[in-house]
Each structure stands twice: as C-alpha cells, then as structure tokens.
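The values are calculated or read from the model by the stated rules, or taken from the named source; none is laboratory data. From a predicted model like this one, the values you see are computed outputs, not experimental measurements. Quick reminder, even Gly has a Cβ in these numbers, built from the backbone with ideal geometry, and neighbours come from all protein chains shown. Surface accessibility is based on the protein's heavy atoms, side chains included, excluding ligands, DNA and RNA. Shrake-Rupley method; radii C 1.70, N 1.55, O 1.52, S 1.80 Å.
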Amino acid sequence: MTRTIAKHDNLRLADIVDLERYPIDDLEHPRTRELIARCREQLDETGCSVLPDFIRPASLARMKAEAYRLHSKVYWSEQSHNPYMTRDDATLPEDHPKRTFQRRTSGFINSDLLEHSSDLRALYDWHAMTQFVGECVGVWPLYTWADPLARCPYAVMEDGHYFPWHFDGNEFTVSVSVEQPQEGGVFEYVPNMRTLDDENYDQVSRTLKGDRSQVQELVWRPGALQLFKGRFALHRVTAVRGKGAWITALPTYVLDPESVNRPERSKQFYGKALPIHFERETRRPDTLTD
Ligand SMILES: [Fe+2]
C-alpha cells in the first residue's frame, strides 16, 4: 500500500518538477550528486544558487492560476525597515545604517489558503524535496514548518511595491519564482557584505545611499528554484512597475519542527494569529525577540 502511494506521489511530482533534468527523487543519482555539489559551492561563494526551469511549464501555469484565483485574499502589509529589521536607535548617528529606514509594501497568500490540489502544496509536502534542500544547504535534519500560515505562502508584489535592503535573520531561503512583472521586481544582492566578526557598516551605508559598485543582480525566471543565504548578503527586490506581479512561492524549511511564528509577527505579516501561535509561544525555550 505504502509503495503504491509513494509511486503515485512520484508520478504527480514528475508533473511538477523536471525530474529528468533534476532527478531529486534519487539523491544517489550521479546528476543529483553533481547538482548538490554545485549548489553547495555556489552557496559558499556567493550565497545563492539558481536552478532554472526546475518547475515544469504546465505546473508553473497551475501555480500562477492558483495565485490569481486567491488574489482577493492577499494580506497586504506595509512597514518601514532598516536592513536589520530592528527598531530605531537614537544613540547612533543619524546616517548610520541602523537608522536608515525604507518603506516595504508586500503581501502574502497564506499557506492555509492553498487549494486541495495545489501543486505548490504537493511540492512542499514531498519528503524528497525537503531532503534535497537539506543536502544543498548542508543542514540535516530539516523539516517543513509547523506554522499553518507561513509555511509555504505565495509572496506578492505589484505596481509601486518595494522590498528594501535587508539581511535575513534565518540562515537560508528557498523560493520558486512564479511570475515576474513587466518592469522592476529585480532581486539585487551584495554577496558577503558582512561576516560574523564584521558588520561592514561603511559599505552597507554606501549601498543604501545608492553605490552600485558591489551590487549584483540575480535573474529570476519563472519556474526557477532559488536557494539563498541572506544572513551575510545584503539584498532587496527593486520596485515593481507596470503590469504583472512579482509572485514568488516561499517553501520554508526549519530546524525545529515544533516552532511557529510569534503571534505579533504572524499578525504583522499574515494578518492574523491562530491558537497554535499563542499555545506555542508559552512553550518557547528562550525569550529572544524572534
Ligand atoms: Fe530576505
């Protein structure tokens, strides 16, 4: 019975992922080993690795159609951020990067809205995908997230929306580009901007003021899988202009299968907090802000 289900799953997933080019259901396959080695090397060197045409065109069309069917349910949020997503610190000089705030506007189609037959949900719930990501980023065990809203949403940006320069708090991000707008919505980054020992505030400051000397563009084409380590690379999504949207699926993998967002964060980004967010908040092992 189990074997039948597994076979059935793989048949469905062969419709979603180009398994001929990326045989990720077989981690011992020479092409998969080579692929994982290349991903690791690129992540070490620049913090990012892109797998073009990872999603099959028909599946990509289904994801896009799903996102558009759910468009009226996008939770839009707007907030000013510094690159560290911290509060203003009036003890620092006014032009310090920690005091440089830019406005973000973006939205999420929460994961609990994904349709029953969603290709994105099937991809996310497929254990081989979690294993493959774990191999690429060199982290195991890795889990899909328990947060019902944030585990695998579609992020959406439209005309006039912008996601400013920042570092990520988490170690790595996995994303699938679903749609790119007519103009803008370009992923820009400065690899290795900071290290554990050096915040490199001077260069961060120069980049925030418009210095392009170290900025690189990472071309996202719909269907590509992007792996990105954003803790040390400063990055942003440039303003979206004109027709079309920037739609990106964010399958999120975590080290702790029990954790969920704090209620406040969940409300801020996903528009609500569920009982699980309150229940698990009291069971946290530490009192860190997030
Ligand atoms: Fe980020």
May I ask you to list the residues in the range 233-260 that are outside any strand (DSSP E or B) and either touching a Cys at 6+ places or on another chain (Cβ under 9 Å) or within 15 Å of the ligand (Cβ to nearest atom) (or both)?
Ala233, Thr238, Leu250, Pro251, Thr252
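Residues checked against (1) in a loop (DSSP other than H, G, I, E, B); (2) within 17 Å of Lys98 (Cα to Cα); (3) touching a residue at least 24 places away in the same chain (Cβ under 8 Å):
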position: Asn170; (1), (2), (3): yes, no, yes
position: Tyr189; (1), (2), (3): no, no, yes
position: Met193; (1), (2), (3): yes, yes, yes
position: Ser213; (1), (2), (3): yes, no, no
Restricting to the range 217-232, and then to whatever is closer than 29 Å to Asp198 by Cα and in a loop (DSSP other than H, G, I, E, B), can you tell me which residue is nearest to the ligand (Cβ to nearest atom)?
Gly230
Gly134 passes all but one of the listed conditions (1) within 15 Å of the ligand (Cβ to nearest atom); (2) under 17 Å from the mean Cα position of the chain (by Cα); the exception is number (1)
Residues of the range 167-184 satisfying the condition of being within 16 Å of the ligand (Cβ to nearest atom) and of a type outside the set (D, E, K, R):
Phe167, Gly169, Asn170, Phe172, Thr173, Val174, Ser175, Val176, Ser177
Can you tell me which residue in the range 191-206 is most open to solvent (accessible area, probe 1.4 Å), limited to those that are more than 27 Å from Pro52 (Cβ to Cβ) and within 15 Å of the ligand (Cβ to nearest atom)?
Arg194
